[in-house]
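Note sheet for the following structure.
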Amino acid sequence: MADTVKYYPLVVGGVERSFPHVHAGAGKYAAAMVVGNLVFLSGMTAESEEDGSCLAGTIEEQVTICLDKVRLHLEEVGSSLENVVKDLIILKDVEHYQRMRSTELAYYQKYAPRLVSEPPASTIFQPAALGKPEFLVEWEVVAVLSRQA
């Protein structure tokens with residue numbers, strides 16, 4: 001039997017980020033896709049889901065917002081933050097690396113203690129630019145719905 005695929009749209013300012021709801025040059029993507037037991041989350045940023053503005057200026061604040069979004073979207077699809085198995089962290093400036101990791105550790109200690117002792121596979125990437133100049137970090141994850149399946 002083939003795995004089912006379920007689409008979870010990303011909505012910003014009440015508008016779904018897919019055609020024809022956004023113009024051809026805008027970002028079009030799902031917040032999450034679930035395929036069988038796997039959950040794929042698009043990159044989460046400090047973007048306001050109400051108006052598209054950047055919600056914070058420091059790396060610590062932006063990491064917290066990104067991880068809040070990851071946690072909430074995973075819960076929306078029926079998973080949890082503790083089920084993250086892989087992340088891709090897109091970091092605008094590697095000088096923020098230590099502060100980013102310290103904030104991530106504190107967040108996991110509070111919301112996903114399993115990830116402190118069993119961290120996900122992780123990749124850090126420094127791009128030429130992120131989606132908006134004020135974004136400092138973007139967090140993309142792969143998780144499982146259940147570790148028992």
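Listed values, structure above:
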quantity	calculated
Pair list, Cβ under 6 Å, 6 or more apart: region 56-82 residue polar (S, T, N, Q), other residue surrounded by fewer than 21 Cβ atoms within 10 Å (Cβ to Cβ)	62/56; 79/145
Hey, residue 148 more than 14 Å from residue 60 (Cβ to Cβ) and in a helix (DSSP H, G or I) or not	no
So residue 101, is it among the charged types (D, E, K, R) and in contact with a helix residue (DSSP H, G or I) (Cβ under 6 Å, 6 or more places away or on another chain)	no
Only listed residue being surrounded by fewer than 19 Cβ atoms within 10 Å (Cβ to Cβ), at pLDDT below 95 and in contact with a Gly (Cβ under 9 Å, 6 or more places away or on another chain), chosen from 49, 76	49
Residue tally, condition without any contact (Cβ under 8 Å) to a residue 40 or more places away in the chain, touching a Phe, Trp or Tyr at 6+ places or on another chain (Cβ under 6 Å) and assigned to a strand (DSSP E or B), over region 87-139	0
Residues located in region 87-98, provided they are charged (D, E, K, R) and surrounded by 15 or more Cβ atoms within 10 Å (Cβ to Cβ)	87, 92
Selection count, region 29-50, where residues are closer than 14 Å to residue 73 by Cβ and part of a loop (DSSP other than H, G, I, E, B)	3
Whichever residue in region 5-17 is surrounded by fewer than 16 Cβ atoms within 10 Å (Cβ to Cβ) and assigned to a loop (DSSP other than H, G, I, E, B) and, among such residues, is modelled with the lowest pLDDT	13
Selection from region 111-149 of residues that are β-branched (Val, Ile, Thr), closer than 17 Å to residue 89 by Cα and either in contact with a strand residue (DSSP E or B) (Cβ under 7 Å, 6 or more places away or on another chain) or modelled with pLDDT under 95 (or both)	123, 124, 137, 141, 142
Any hit, region 23-30, residues being under 16 Å from the mean Cα position of the chain (by Cα), modelled with pLDDT of 90 or more and within 23 Å of residue 121 (Cβ to Cβ)	no
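The values are calculated or read from the model by the stated rules, or taken from the named source; none is laboratory data. Because the structure is a prediction, the values reported are computed rather than measured. Methodologically, a virtual Cβ is constructed for each residue, glycine included, from the backbone with ideal geometry; neighbour enumeration extends over all protein chains shown.
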